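Participant: Supplied in structure tokens, the structure appears directly below.
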Amino acid sequence: MNIASTLCWLLGILNVLGGLALGIPAFSTGKSLEFPLIISAVGAGLCYAGYGLRKRQRTAGVLAIILSVAAFISPPVIGFLLGLSIIILTLVNWKQLA
């Protein structure tokens, strides 16, 4: 579970930074901030799920799986590989969650 937790934190931080990288230019040009805010919210949720996985909470496992699928829209290859790794590691270690 510690590896899945660390990967959740890593993907979460990448999503928050990606949301900032997309949000700052969008804000300065007056464009919509919906997509960058969604990416940042998914990243914050993944950080929370990483914390919950470290504490062995089953709801955090469910949240990690859902948000990892949602993170497939962020940095294309890295988001997909990290998300897939989180899903596999969470499902393999599901019995460890209380």
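Computed from the coordinates by the stated procedures, all read-outs in this text should not be read as laboratory data. Source: prediction; values computed, not measured. Reconstructed Cβ throughout: ideal geometry from the backbone, glycine too, with neighbour counts over all protein chains shown.
Participant: Stretched out fully, how many nm does the piece from LEU84 to ILE38 gain, at 0.36 nm a residue minus the Cα gap?
Facilitator: Length difference between fully extended and current span is 14.6 nm.
Participant: I've got another one for you. Specify the residue with the greatest mean-square fluctuation among ILE66, ILE88, ILE24, computed from a Gaussian network of the chain linking alpha-carbon atoms under 10 Å apart.
Facilitator: Result for the chain, Cα springs under 10 Å: ILE24 fluctuates most.
Participant: Give, in nm to one decimal, the length gained when the segment between LYS95 and ILE66 is fully stretched (0.36 nm per residue of separation minus the Cα-Cα distance).
Facilitator: Gain in length upon complete extension: 8.6 nm.
Participant: Additional query: Taking only Cα atoms, what is the 0 to 90° angle, nearest 10, from helix 76-92's long axis to the longest principal axis of the chain?
Facilitator: Roughly 20 degrees between the two axes.
Participant: GNM, the chain, Cα, under 10 Å: largest mean-square fluctuation among SER68, SER40, SER28?
Facilitator: SER28
Participant: Let me ask something additional. Suppose each label sits 7 Å from its Cα in the direction of the beta carbon; what would the PHE27-LYS55 distance come out to in nanometres?
Facilitator: Those two pseudo-labels are separated by 2.9 nm.
Participant: In addition: Using only the alpha carbons, work out the radius of gyration and Dmax of region 2-96 in angstrom.
Facilitator: 13.5, 49
Participant: Which residues make up the longest stretch of the chain that has no trypsin sites (Lys or Arg not before Pro) in a DSSP loop with at most 14 other Cβ atoms within 10 Å? Don't skip to the end; give the middle numbers.
Facilitator: Details: sites that count: LYS31, LYS55, ARG56.
Between the exposed loop sites, the longest stretch runs 57-98.
Participant: Another question, if that's okay. Using a Gaussian network for the chain with springs between C-alpha atoms less than 10 Å apart, which of these wobbles most: GLY30, GLY18, GLY45?
Facilitator: Maximum among the listed residues: GLY30.
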